[in-house]
1. Of these, TRP277, TRP273, TRP283, which one is modelled with pLDDT of 95 or more and over 26 Å from TRP105 (Cα atoms)?
2. Return yes when GLN141 is more than 16 Å from ligand 1 (Cβ to nearest atom) and either open to solvent by 10 Å² or more (accessible area, probe 1.4 Å) or at pLDDT 95 or above (or both) and no when it is not.
3. Just to verify a result, which residue in region 168-185, among those that are in a strand (DSSP E or B) and of a type outside the set (Ser, Thr, Tyr), is most open to solvent (accessible area, probe 1.4 Å)?
4. Taking region 186-212, which residues are assigned to a loop (DSSP other than H, G, I, E, B), open to solvent by less than 40 Å² (accessible area, probe 1.4 Å) and under 25 Å from ILE95 (Cα atoms)?
5. Being in contact with an Asp or Glu (Cβ under 8 Å, 6 or more places away or on another chain) and either more than 21 Å from ILE90 (Cα to Cα) or touching a residue at least 12 places away in the same chain (Cβ under 8 Å) (or both): is that true of GLN124 here?
6. Checking LEU195 against (1) over 24 Å from TRP277 (Cβ atoms); (2) within 15 Å of ligand 2 (Cβ to nearest atom); (3) without any contact (Cβ under 8 Å) to a residue 40 or more places away in the chain: exactly one of these is not met. Which one?
7. Report every pair of residues separated by at least 6 positions or lying on different chains whose Cβ atoms are under 6 Å apart, first residue within region 67-84 and outside any helix (DSSP H, G or I), second among the small types (Gly, Ala, Ser) and more than 15 Å from ligand 4 (Cβ to nearest atom).
8. Would you say SER113 is within 16 Å of ligand 2 (Cβ to nearest atom), at pLDDT 95 or above, more than 24 Å from ALA26 (Cα to Cα) and of a type in the set (Ser, Thr, Tyr)?
Amino acid sequence: EAKVAGKNRVVVFDADQDRALRGHSATVESLRQALVGNEFVLHYQPKVHMGSGQVVGVEALIRWRHPQRGLLAPGQFLPAVDDHPVECEIGEWVIRSALAQLAAWTDAGLSLSVSVNISARHLQQLDFIEHVAQALQRHPQLHPNQLVLEVLETSALEDMVGVSRTMAEGARRGLRFSLDDFGTGYSSLTYLRRLPVAELKIDQSFVRDMLDDPDDLSILHGVIGLADAFHREVVAEGVESEEHGAVLLQLGCTLGQGYGIARPMPADQLLPWVQHWEPPAAWRHQALLRRE
Ligand code: C2E
Ligand code: MG
Ligand code: MG
Ligand code: MG
């Protein structure tokens with residue numbers, strides 16, 4: 001079990017390795033080649049209903065199987081194509097691959113949604129929604145609401161008018177949107193009202209520190225109340241322990257994602273994981289208490 005998890009873990013560099021790497025950091029051209037050479041892979045991290053243990057969805061997270069450097073995390077190569085057309089080509093590959101995988105899971109009897117991270121540049125393409133709709137049409141067994149498009153709260157704030165227009169068009173076609181790393185962009189209530197997002201995804205920094213930092217706990221409390229008031233779903237990222245989940249459930253946040261539930265894993269490990277995973281008993285009790 002630990003071995004399997006270890007294999008999926010992306011490479012973490014120490015300072016020496018990091019210095020050595022700077023000499024050959026990712027370039028646009030190397031990423032274009034990686035796309036052609038089929039070197040990208042998606043890992044999937046479960047998003048669960050912490051009280052019942054139901055797995056409601058998965059988030060697709062890109063990795064690069066680099067022929068020399070091993071499995072690289074997105075933070076080690078995506079910055080090289082930030083705001084470059086190749087970023088959109090990679091984004092299209094991610095959407096196509098995630099939908100093909102979701103269709104296979106659907107055929108296997110799983111009922112899931114897939115969340116995909118969308119870069120600001122990709123979202124700004126005029127035909128973005130049209131492309132997504134076309135990608136969905138290839139899989140008649142999928143409903144558009146099984147695709148969740150995660151947009152960073154900070155990207156949405158950069159271009160409120162464009163993003164809200166794109167989201168409105170997507171929502172009309174049944175797609176769902178999520179504001180990722182929510183809380184880091186300081187959206188005002190007015191902005192939130194204008195964005196047709198189905199979900200707020202609380203940034204993991206607040207969750208990580210909530211057990212020690214009363215301010216972060218207050219922020220969580222506020223975001224959960226906000227989501228409630230606006231009838232949006234709320235998901236906590238960074239649920240690293242049983243205690244994190246228990247406190248979140250106490251605050252009324254039922255959806256969670258994090259290392260304490262599962263690390264991102266290759267697609268073929270998801271089905272067995274879903275069949276075996278059970279939430280800690282304390283989470284079930286917490287959920288029951290709140291219902292009374
Ligand atoms: P994100 O969308 O906020 O995804 C969550 C990140 O936190 C992932 O890192 C995930 O592996 C990690 N994580 C999940 N649970 C925990 C936890 O309990 N503790 C901690 N410490 N970390 C946790 P990853 O895979 O390295 O991705 C980093 C970021 O890269 C993502 O943040 C997302 O913004 C971006 N990204 C990933 N895949 C894609 C993609 O296909 N396209 C685009 N445009 N961006 C992507
Ligand atoms: Mg995300
Ligand atoms: Mg996030
Ligand atoms: Mg993030």
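The values are calculated or read from the model by the stated rules, or taken from the named source; none is laboratory data. Everything numeric here is computed off the predicted structure, so don't read it as measured data. For neighbour counting, all protein chains shown are included, and Cβ atoms are generated from backbone atoms with ideal geometry for every residue, glycine included. Heads up: the accessible areas ignore ligands, DNA and RNA and are worked out on the full protein's heavy atoms, side chains in. Shrake-Rupley method; radii C 1.70, N 1.55, O 1.52, S 1.80 Å.
1. The match here is TRP283.
2. The answer is yes for GLN141.
3. Residue satisfying both the conditions and the ranking: ARG176.
4. Once the filter is applied, which keeps residues that are assigned to a loop (DSSP other than H, G, I, E, B), open to solvent by less than 40 Å² (accessible area, probe 1.4 Å) and under 25 Å from ILE95 (Cα atoms), region 186-212 yields LEU195, VAL197, ALA198, ASP203.
5. For GLN124, the condition - in contact with an Asp or Glu (Cβ under 8 Å, 6 or more places away or on another chain) and either more than 21 Å from ILE90 (Cα to Cα) or touching a residue at least 12 places away in the same chain (Cβ under 8 Å) (or both) - is met.
6. (2)
7. Listed pairs, sorted by first residue: PHE77/ALA26.
8. yes
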